[in-house]
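Single-structure report; data block below.
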Protein chains: 2
Amino acid sequence: MAVTLKEVAALAGVSRSAVSRTFTKGASVSRGTREKVEQAAQELGYRPNVIASSLSTGRTKMIGLVLDNFRNPIFLQVFDLFTRGLQDRGLRPLLVNLTGETEPENSVQMLQQYSVDGVIVASSTLPPDFAKAFRTAGLPVVHAFARHKPQPEIDIVGIDNRFCGRLAARTLIARGYSSIAFMGGPATATSTRDRLEGFLEVAQATPDITVSHSFSEAYSFRAGRAEMTRLLQGPRAQAYFCGDDVLSIGALSAIASAGLSVPRDIGIIGLNDMEMAGWENINLTTIHQPTAGITTAAVERIQALLDAPQSPPKAQLFDCHIVERGTLRAPPGNDQAG
Amino acid sequence: MAVTLKEVAALAGVSRSAVSRTFTKGASVSRGTREKVEQAAQELGYRPNVIASSLSTGRTKMIGLVLDNFRNPIFLQVFDLFTRGLQDRGLRPLLVNLTGETEPENSVQMLQQYSVDGVIVASSTLPPDFAKAFRTAGLPVVHAFARHKPQPEIDIVGIDNRFCGRLAARTLIARGYSSIAFMGGPATATSTRDRLEGFLEVAQATPDITVSHSFSEAYSFRAGRAEMTRLLQGPRAQAYFCGDDVLSIGALSAIASAGLSVPRDIGIIGLNDMEMAGWENINLTTIHQPTAGITTAAVERIQALLDAPQSPPKAQLFDCHIVERGTLRAPPGNDQAG
DNA sequence: CGAGTCGTTGCAACCGGTTGCAAAAAATCA
DNA sequence: TGATTTTTTGCAACCGGTTGCAACGACTCG
């Protein structure tokens, strides 16, 4: 159906090699030949077939994009950033939806069958070994939103979740909350475990602070609402660090349903700073995760790996900071003028 | 790097054809040969390379998935459904992010270069001709969330937006609102234009009803909030049909910021029934769009087209219905018991 | 036991490109 | 101008598979 190199060669009156060379940059073609070929190609509407050329070159310019979270709206943005970032560099995302799957083997085989040049795993919940399976199979891989490790076995880019946990605890304590809690995502998620660790580290090192924690079933509204509803039935903390924004929003709705008010009765701080957190009817104080920086870095890193597959893995960490909105009370001694 | 057919053939002591045939269902191989080959393949960890085989078979099992909206959370669900639907049928989504792009040519060429077997365009805002470009180029295509047409030139699956407009108008009128308005998405979106038409059709045909309309800049929270803020500065309608849920949520936040209450002061009805609409702190009355049904139908249709590329295009329409929540007042004469 | 069937197998060509190599053509130099 | 170097070009093999075809062997049947 599509026009092939052979037809172009015939029309231009040159060999197939000549046509191939005009479309391979850096190859040696004379001005005259190039013009004849370009003319013929133009006329026939010829475009070289990437798939066919990949057989000899070993490059498909396809990148496997592996995702396992399609519930959290933040991933829509992640999606957008990844697909555009790849496209802008002439790479094509071949998608793998991992929902429910935890064994890497299937994905590895599938992506190998399609000869992708590399793989980006975007998930904060997958176990650290997951991405390693791609590397073991010989595929360049970078794990975005990964758990931090000083000497990683594969390339990772993300945030320091323990730091975020500490930041949250310090912030709550500085606001004068003396009874604080962490309401995490799923107990199995590495991101949640790390955030908890950092949170406890600071809380337990500070005198006169009561700290507790619990987990939700998923990083989702429903899970957050359910967990906060449950928490409100017992003795409650003064402020909660929720493992994620969407979880926070679920918690906020549970609090509202219980007839309580934020930040008057309870303080909430989230993590991610997703777009919704800034919506006026949500107005969530949260820790900003630089999604754009992370995705860009991941794309750049995978591209670098294509050229130098053997370069030693490194970890790239991005800074997080508090975005002040309306779900925490002001620091004590701070006159709430206005 | 990866194991090839040749190596398996060598280890099994058979010809390359024999190996190929054991992995091609329907091909003729004796029991003995098959066993030898399977044994060898197992041992080496061989998987046939789809890319290579596509050269002869003309099938890559890749489907181009073309999207242009990465702001509206409903598309995260659409994404999930499409990628899983395709995967479940052994197809692979190759993603095209169309943000900002309106010319189909680039996407057509790109997807042709990758020899995708078919294309799914998922957008309610693209002009009807967009998807046609793929068909013209010889690629099977189905347009999901497309504008309805009785005799389409390409396969479409979606909802009847004019019907939804009429349904919204009838609902508002039945609730006793006498001054109603449509707050649409972008004026260029076909979905918005059609919803408006249906809305006006009913409103104008009903005596003693005042009707008006306006457009937002995009299907987004910010656009909805901005437009409703603007509307509240003039004489306002009693109830608004917003072109989309996320737009409705923006409108709700503007209304709250203005110190007004829903549904007491203003009624709102949305469209989509995205997950968030059901969140207790949003609780939006809306028209349900059967996203799952649409995506499933689109995937099934594209698969059918792979086998019968010449089958005449058809339009598949899905029914919509009202989901009653808390942003419209009860019908008049209906005692609000409870 | 020989002829006729039928399922199995390998050869070789092909899918749409790329690329090493050697021959041909063009450019450079003496 | 002829010899030498450099550039351009086509041939042919290859990337990893598939498939038409003819040869082969086993099996059936008369």
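Name the pairs: first residue in the range B:105-118 and within 16 Å of A:TYR46 (Cβ to Cβ), second residue open to solvent by 40 Å² or more (accessible area, probe 1.4 Å) and aliphatic (A, V, I, L, M), Cβ to Cβ under 7 Å, at least 6 apart or on different chains? Once the first residue is within 16 Å of A:TYR46 (Cβ to Cβ) and sits in the range B:105-118, its partners that are open to solvent by 40 Å² or more (accessible area, probe 1.4 Å) and aliphatic (A, V, I, L, M) give B:GLN112/A:ALA2.
In the range B:51-67, the residue that is farthest from B:VAL3 (Cα to Cα) out of those that are open to solvent by less than 40 Å² (accessible area, probe 1.4 Å) and more than 8 Å from chain A (Cβ to nearest Cβ) is B:LEU67.
When you check B:LEU91 against the structure, is it more than 9 Å from chain A (Cβ to nearest Cβ), buried (at least 20 other Cβ atoms within 10 Å of the Cβ), in contact with a Gly (Cβ under 9 Å, 6 or more places away or on another chain) and not basic (Lys, Arg), yes or no? Criteria met by B:LEU91. Just one of the listed residues (A:ALA146, A:ALA187) is surrounded by fewer than 22 Cβ atoms within 10 Å (Cβ to Cβ), among the hydrophobic types (A, V, I, L, M, F, W, C) and part of a loop (DSSP other than H, G, I, E, B), namely A:ALA187. For the range A:27-40, indicate whether the set of residues that are of a type outside the set (S, T, N, Q) and within 8 Å of DNA strand C (Cβ to nearest atom) is non-empty. Among the residues of the range A:27-40, at least one is of a type outside the set (S, T, N, Q) and within 8 Å of DNA strand C (Cβ to nearest atom), which makes the answer yes.
In this entry, A:ARG84 is excluded by the filter for residues that are free of Cβ contacts under 8 Å to residues at least 60 places away in the same chain, closer than 24 Å to B:ALA2 by Cα, open to solvent by 10 Å² or more (accessible area, probe 1.4 Å) and among the basic types (Lys, Arg). Would you be able to say whether some residue in the range B:256-265 is within 12 Å of chain A (Cβ to nearest Cβ) and open to solvent by less than 10 Å² (accessible area, probe 1.4 Å)? Among the residues of the range B:256-265, not one is within 12 Å of chain A (Cβ to nearest Cβ) and open to solvent by less than 10 Å² (accessible area, probe 1.4 Å), which makes the answer no.
For the range A:158-184, what are the residues that are crowded, with 24+ Cβ neighbours inside 10 Å and among the β-branched types (Val, Ile, Thr)? If the condition is that a residue be crowded, with 24+ Cβ neighbours inside 10 Å and among the β-branched types (Val, Ile, Thr), then A:ILE159, A:ILE180 are the ones that fit. Residues of the range A:116-132 that are assigned to a loop (DSSP other than H, G, I, E, B) and more than 10 Å from every other protein chain (Cβ to nearest Cβ): A:ASP117, A:SER123, A:SER124, A:THR125, A:LEU126, A:PRO127. So for the range B:99-115 (the condition being outside any helix (DSSP H, G or I), in contact with a strand residue (DSSP E or B) (Cβ under 8 Å, 6 or more places away or on another chain), open to solvent by 10 Å² or more (accessible area, probe 1.4 Å) and more than 10 Å from every other protein chain (Cβ to nearest Cβ)), does at least one residue qualify? Checked against the condition, which is being outside any helix (DSSP H, G or I), in contact with a strand residue (DSSP E or B) (Cβ under 8 Å, 6 or more places away or on another chain), open to solvent by 10 Å² or more (accessible area, probe 1.4 Å) and more than 10 Å from every other protein chain (Cβ to nearest Cβ), the range B:99-115 yields no hits at all. The residues on offer are A:PHE318, A:PHE241, and the sole one that is open to solvent by 30 Å² or more (accessible area, probe 1.4 Å) and among the aromatic types (Phe, Trp, Tyr) is A:PHE318. Residues that are closer than 24 Å to B:SER54 by Cβ and open to solvent by 60 Å² or more (accessible area, probe 1.4 Å) were ranked within the range A:11-50; the one that is nearest to DNA strand D (Cβ to nearest atom) is A:ARG16.
The values are calculated or read from the model by the stated rules, or taken from the named source; none is laboratory data. Nothing here was measured: the structure is a model prediction, and the numbers come from that model. FYI the Cβ positions are ideal-geometry reconstructions off the backbone, even for glycines, and counts take in every protein chain you see. These accessible areas exclude ligands, DNA and RNA; they are computed on the full protein's heavy atoms, side chains included. Shrake-Rupley method; radii C 1.70, N 1.55, O 1.52, S 1.80 Å.
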